[in-house]
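Only one structure is covered here, and it is reproduced in the block below.
The values are calculated or read from the model by the stated rules, or taken from the named source; none is laboratory data. None of the values given here were measured: they were computed from a predicted structure. As a convention, Cβ positions derive from the backbone with ideal geometry for all residues, glycine included, and neighbour counts pool all protein chains shown. Surface accessibility is based on the protein's heavy atoms, side chains included, excluding ligands, DNA and RNA. Shrake-Rupley method; radii C 1.70, N 1.55, O 1.52, S 1.80 Å.
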Amino acid sequence: MSSYMVEWMREHRITEVECIVPDMTGVARGKIVPKDKFISEPEMRLPEVVLIQTVTGDYPDDSVLDPVDADMILQPDQNTIRFVPWAVDPTAQIIFDCYKSDGQMSEAAPRAVLRRVLDLYAQRGWSPVIAPEMEFYLIATNPDPDIPVTPPVGRTGRAEFGRRSYSIDAVNEFDPLFEDIYDYCHAQNLEVDTLIHEIGTAQMEINFLHGNPLDLADQVFLFKRTVREAAFRHGMYATFMAKPMEGEPGSAMHMHQSVINTATGQNLFSNEDGEPSQAFFHFIGGLQHYLPQTMPFFAPYVNSYRRLTPYSAAPTNVQWGFDNRTVGLRVPHSSPAARRVENRVPGVDVNPYIAMAASLACGYLGMVKQIDCAEPVQINAYSLPYEMPHGTEEALNRLKGCPEIAEILGPRFVELYIAMKEKEFSEYFRVISPWERKFLLLHV
């Protein structure tokens, strides 16, 4: 136990500690322990299988699991210690890293996957920078999953209707909620920036300041918990489901990405004369080549593909262009020092560690293999062919045929991830939907 954590807990009069591990779906697993027990025994043990639970709480088939089911040794990352601002008693939360008995990080842990990719960048003297944008819906409380969701009632006593993009008044409808969200974020050192009203009814977006990918993934992971908790306290839900409402656009986690020279701090995407560099074009080339093969990391659920439809503020291909929001890879207008690529493919339902690792892996392969990109698109990219997988099964099959990505992210991780998603899909496929009962039950 580091003296820093002990002193921090004493300063904040902490009484208990949430010991957290992000699993593959992005759910917080772990234990809640008294502060004194944590100080005396900071390590924690959990079986590795807890990391690969499906979103329904099931597990992949035994053929890919370790039959020994040995415990992992979990160690706290002191850089992640934060206050839990909504707790009744003074409570800390700390994110743990997962190790095997031989001291190696568990390949199944999402944080370890992102660390693995960042180590590859570091070996070449590169430091990637990421700035995520988080879209989400506010919805009325709805305990019955068979009933479609609806917008919540705002402070005027009325539910929002129609499209109110960038409306200040529409955001102000939920001022008390957003005041709590910002207060909670400030208490946890979550570096949130701009708040806007997005296209959908009661759809919001909060952007993060750019920074180190591991730190940003931690912040996004905690941000989801924070927004949901704040919404509960104001009598509504917040959802990060990719497509929660029929007839409304889906929600994304756009990622602005750049790479700097670690030694000089210079943006590798710009030459000295300010023009785009070959590394910039190769990074885009890698994304164009590998994104369609890695879609299970960016569209992890059957619902995710409902978002990727034309004219819905979501991409249908991996074309790129300057300040073009119809493409999958947008390059915003910026100074040479701020040149970056916005990956618009991921839904907000992703695990942030895995999505960031996969996107950076695609760009890394492009830079290392010097993959040329296509010409930038200046027209409406929705008029171009659809380039994504059409659903979970096709996406998983494409990922199985991409050994280069498996080598970057870790072969065992990819094997476990695919097995988990296949189990989820088989569970989904057994469910008979209301649409089938409505149109097929008595008419075919």
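Hey, what number do you get for the chain at 222 nm if only DSSP H runs of n ≥ 4 count, each worth -39500 (n - 2.57), divided across all residues, to the nearest 500? Please report the intermediate quantities before stating the final value.
On the way: 14 runs with 149 residues, N = 444.
Estimated from H runs of four or more residues: -10000 deg cm²/dmol.
On a 1.4 Å probe surface of the protein chains, which of D77, D102 comes out largest in accessible area, and what is the full order?
Details: D77 20, D102 100 Å².
Final ranking, largest accessible area leading: D102, D77.
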Please identify every one of the chymotrypsin sites (Phe, Trp or Tyr not before Pro) in region 72-163 that sits in a loop by DSSP and has no more than 14 other beta carbons within 10 Å of its own beta carbon. F161
Between D180, D273, D61, which gets the highest mean-square fluctuation from a Gaussian network model of the chain, Cα cutoff 10 Å? D273
Roughly how many Å² of S383 are accessible to a 1.4 Å probe, to the nearest 10? 80 Å²
Count neighbours as other Cβ atoms within 10 Å of each site's Cβ, and list the trypsin sites (Lys or Arg not before Pro) in region 1-56 that are DSSP loop with at most 13 such neighbours. R13
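By Kyte-Doolittle mean hydropathy of at least 1.0 and Cα axial length of at least 24 Å, which whole DSSP H helices of the chain are selected? Let's see the in-between values first.
On the way: long enough: 213-233 (30 Å, 0.00); 352-369 (25 Å, 1.12); 411-429 (27 Å, -0.35).
The qualifying helices are 352-369.
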Pick out, in residue order, every one of the chymotrypsin sites (Phe, Trp or Tyr not before Pro) in region 351-444 that is DSSP loop and has at most 16 other C-beta atoms within 10 Å; say none if there are none. Y386
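Would you mind getting me the FRET efficiency between D77 and R155? Use the beta-carbon distance for r and R0 = 41 Å, nearest 0.05. Walk me through the numbers before you get to the answer.
Values: r = 39 Å, r/R0 = 0.96.
My answer for the efficiency is 0.55.
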DSSP beta bridges in the chain, what fraction antiparallel, as a percent rounded to 5? 85 percent
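Relative to the present Cα-Cα distance, how much length would full extension add between D175 and E404 at 0.36 nm per residue of separation? Please report the intermediate quantities before stating the final value.
Numbers: separation 229, 0.36 × 229 = 82.44 nm, distance 4.70 nm.
In short, 77.7 nm is gained.
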Would you indicate which of [x] 48.9; [y] 21.7; [z] 23.7 is the value of mean projected area of the Cα convex hull in nm² derived from the coordinates of this structure? [z]
